[in-house]
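Accompanying notes for the structure given below.
Any read-out appearing in this document is the output of simple, stated calculations on the displayed coordinates, not a laboratory observation. Note that this is a predicted model, so its numbers are computed, not measured. With ideal geometry, Cβ positions are generated from the backbone for all residues, glycine too; neighbour counts draw on all protein chains shown.
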Amino acid sequence: MKIEIWSDVVCPWCYIGKRRFERGLAAFAHRDDVEVVWRSFELDPHAPHDSREDPVDRLARKYGMTREAALAAQARVTGLAAGEGLTYRLDLARPANTFDAHRLLQLAAERGVQGSVKERLLAAYFTEGRRIGDADTLATVAAEAGLDEAEARRVLDGDAFAAEVAGDEREAAALGISGVPFFVVDRRYGISGAQPAELIQQVLERAWADGHPMAAATTGASEDVCADGSCPA
């Protein structure tokens, strides 16, 4: 089973959704047969690489709300994150362009460490307030998660994996994905948003049954069948 997850590394619901997905996957009996691929999605492709704007002011401006309402919204998402074992420091987080972060995630996929790099980037932004639009910071964070730092810097110095990032984003548009996180299971089922772990587990089980109909149909007790020309009463 293949699960593709479109998300951004500055999306608070994406980190919460990641934790809920992990819990749902952990409860799934066939979790060892699941391949997880993180797809690129930029919430704001035009964001500057480094912004000094206060995140509360930015949130209020973006959604046309008061500063008090923006603070309340941040407090709500911080509380939900805490419920998933995450520590959000949104007072430290600063908006940033995530295109280069996604290019590193494409490299990480080739090197077999995409999951750990994704986790590290999310923690760096939401918990540590590190500036993930900065190339030096990105290279350091990626190295902490298992990428070769010199290779990461070479990628960041050029345009490697730009086409792959753009390809993921075109595919998202073709699939009708306009918000993240968005989970696509075997290109048959979609889960929009940071849904509860139990719902995610249910979708995984349904997708598995659809892909393995014989296995799903033969789970009953063996004494309930007739075989070899005989049928016990």
Measure of compaction for the chain (Cα Rg per 2.2 N^0.38 Å): 1.21
Helical contribution to [θ] at 222 nm, DSSP H n ≥ 4, -39,500 (n - 2.57), averaged over the chain, rounded to 500: -16000 deg cm²/dmol
Gained length - residue 199 relative to residue 91, 0.36 nm times residue gap less alpha-carbon distance: 35.7 nm
Sequence-distant residues sharing a close amide H with residue 37 (under 5 Å, placed H): 3, 4, 5
At most 13 other Cβ within 10 Å, DSSP loop - trypsin sites (Lys or Arg not before Pro), the range 39-129: 52, 89
Mean Kyte hydropathy of 0.0 or more with a Cα span along the axis of at least 15 Å, helices from DSSP in the chain: 67-83, 114-126
Dipole-positive endmost among 99, 116, 56 within the range 2-210 (Cβ charges, Cα centre): 56
